[in-house]
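Take a look at the structure set out below.
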Amino acid sequence: MTGFADLRERARALATGERRALLGITGSPGAGKTTLAVALVRALGAELGDGIVAHVPMDGYHLADVELERLGRRGRKGAPDTFDPGGYAALLRRLRSSPEETVYAPAFDRDIEQPIAGSIPVHPRCRLVVTEGNYLLLDEPAWRAARAELDAVWFVEADEALRRERLVARHVEFGKASDTATAWVAGTDEPNARLVEATRERADLVVRGFALPELPG
C-alpha cells in the first residue's frame, strides 16, 4: 500500500516548483483515480491556499451522446474513441503555456452523463493541475500528445473484485438497473480496463492502494 502522506508530498513538490505543473492520475475504471485526485486537491488546498491546486478530469472530453449516436458508438461509451483526445491535449497545452490567464475546462456531469463546457476555472494562481482519466498512457498519437504535457503520471491499482463492485454501484447510483449495470461493466468497462492495464509499465509511479486521511469539511 502507498501511503497518502507520501503521495501528498510528491504532489506538493510539483505544486511548489518554479512553474505550473500538471500531474496525471490513471488506472482502470473504478480503480480510485477520482478519489485520489480529489483528496490531493483538498489536502493541498488546505495547506497551500484556495485555487493553488485544481482538479481537471479527462472525462470532460467525452463526446456528447448526440455525436456518439451519429458515429454508432454510444453502446461503447467510455472506450478511447468515444473521447476527444486532441481537445484534451490542447487544453493541457494551454494550461501549461498560458498560466497568466484563467482557463475554463469542461466537466462531466454524471447525473445527465454529458460533458459540460466551461465548468472548471483554472486561475492564474494555480500551481498544480491534477488531471485523471483512463487513457493518459495509451500508446496512440493523440493520447501521446496529451501525455507529453504532463510532468508525471501515476497509475492507480485496486483489487479487481472491489473495482468491479464499485463500477456496478456507480452505474446503479446514476440510473441503471442492477442487471443492466452488471452487463455494462462486463461488456464495456472491462474491455476498457484491459486496455488501461496494458499501459501500467509506462507510469512514473504505481499506486497500489492508499489510505485517505480524515479531512475537515
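Could you list, in sequence order, all residues of the range 136-167 that are surrounded by fewer than 18 Cβ atoms within 10 Å (Cβ to Cβ), among the small types (Gly, Ala, Ser) and either in a loop (DSSP other than H, G, I, E, B) or on the phi > 0 side of the Ramachandran plot (or both)? The one that is surrounded by fewer than 18 Cβ atoms within 10 Å (Cβ to Cβ), among the small types (Gly, Ala, Ser) and either in a loop (DSSP other than H, G, I, E, B) or on the phi > 0 side of the Ramachandran plot (or both): ALA148.
When GLY45, GLY27, GLY87, GLY49 are checked against the criterion of being of a type outside the set (Val, Ile, Thr), touching a strand residue (DSSP E or B) at 6+ places or on another chain (Cβ under 8 Å) and over 20 Å from TRP184 (Cα atoms), GLY45 stands alone in meeting it.
Suppose the filter is in contact with a Lys or Arg (Cβ under 8 Å, 6 or more places away or on another chain), closer than 22 Å to ARG144 by Cβ, at pLDDT below 95 and surrounded by 16 or more Cβ atoms within 10 Å (Cβ to Cβ); does ALA79 pass it? Here the answer is yes, as ALA79 does meet what is asked. Cβ-Cβ contacts under 7 Å between residues 6 or more apart (or on different chains), taken from a first residue in the range 1-25 that is of a type in the set (Lys, Arg) to a second residue that is in a loop (DSSP other than H, G, I, E, B), are listed as ARG20/PRO99; ARG20/CYS126; ARG20/ARG127.
Within the range 1-28, being among the small types (Gly, Ala, Ser), assigned to a loop (DSSP other than H, G, I, E, B) and either surrounded by 22 or more Cβ atoms within 10 Å (Cβ to Cβ) or under 19 Å from the mean Cα position of the chain (by Cα) (or both) holds for one residue alone: SER28.
Results for (1) closer than 22 Å to TYR135 by Cβ; (2) in a helix (DSSP H, G or I), shown as yes or no for each residue.
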| site | (1), (2) |
| --- | --- |
| ASP50 | no, no |
| ALA54 | yes, no |
| ASP59 | yes, yes |
| LEU91 | yes, yes |
| ALA105 | yes, no |
| PRO115 | yes, no |
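Taking the conditions (1) in a helix (DSSP H, G or I); (2) surrounded by 21 or more Cβ atoms within 10 Å (Cβ to Cβ); (3) in contact (Cβ under 8 Å) with a residue 60 or more places away in the chain in turn, ALA46 satisfies each one other than (2).
Just so you know, in the range 82-105 the residues that are buried (at least 16 other Cβ atoms within 10 Å of the Cβ) and in contact with an Asp or Glu (Cβ under 7 Å, 6 or more places away or on another chain) include one that is modelled with the lowest pLDDT, and it is ARG96.
Looking at this structure, is GLY86 over 20 Å from THR199 (Cα atoms) and assigned to a helix (DSSP H, G or I)? Against the criterion (over 20 Å from THR199 (Cα atoms) and assigned to a helix (DSSP H, G or I)), GLY86 does not qualify.
Every condition in (1) of a type in the set (A, V, I, L, M); (2) farther than 11 Å from ARG127 by Cα; (3) surrounded by 21 or more Cβ atoms within 10 Å (Cβ to Cβ) holds for ALA54 except the one numbered (2).
Pairs needed: first member in the range 188-203, buried (at least 19 other Cβ atoms within 10 Å of the Cβ); second member anywhere, among the hydroxyl-bearing types (Ser, Thr, Tyr) and outside any helix (DSSP H, G or I); C-beta distance under 6 Å; at least 6 residues apart or different chains. Short answer, once both residue conditions are applied: ALA193/SER28; VAL196/SER28. If you scan the range 3-29, which residues turn out to be touching an Asp or Glu at 6+ places or on another chain (Cβ under 8 Å) and not small (Gly, Ala, Ser)? Correct list: ARG12, LEU14, LEU22, LEU23, ILE25, THR26, PRO29. Scanning the range 55-106 for residues that are without any contact (Cβ under 8 Å) to a residue 12 or more places away in the chain and acidic (Asp, Glu) yields a total of 3.
Looking only at the range 29-37, decide whether some residue is part of a helix (DSSP H, G or I), of a type in the set (Ser, Thr, Tyr), surrounded by fewer than 19 Cβ atoms within 10 Å (Cβ to Cβ) and in contact with a helix residue (DSSP H, G or I) (Cβ under 9 Å, 6 or more places away or on another chain). Before you say what the answer is, go through the steps one by one.
Let us first name the residues in the range 29-37 that are part of a helix (DSSP H, G or I), namely 33-37.
Filter once more, keeping what is of a type in the set (Ser, Thr, Tyr): 34-35.
Add one more test, that the residue is surrounded by fewer than 19 Cβ atoms within 10 Å (Cβ to Cβ), and what stays is 34-35.
Checking the rest, the ones that are also in contact with a helix residue (DSSP H, G or I) (Cβ under 9 Å, 6 or more places away or on another chain) come to 34.
Among the residues of the range 29-37, at least one is part of a helix (DSSP H, G or I), of a type in the set (Ser, Thr, Tyr), surrounded by fewer than 19 Cβ atoms within 10 Å (Cβ to Cβ) and in contact with a helix residue (DSSP H, G or I) (Cβ under 9 Å, 6 or more places away or on another chain), which makes the answer yes.
The values are calculated or read from the model by the stated rules, or taken from the named source; none is laboratory data. Just so it is clear, the model here is predicted, and its values are computed rather than measured. Cβ sites come from the backbone with ideal geometry, for glycine too, and all protein chains shown count toward neighbours.
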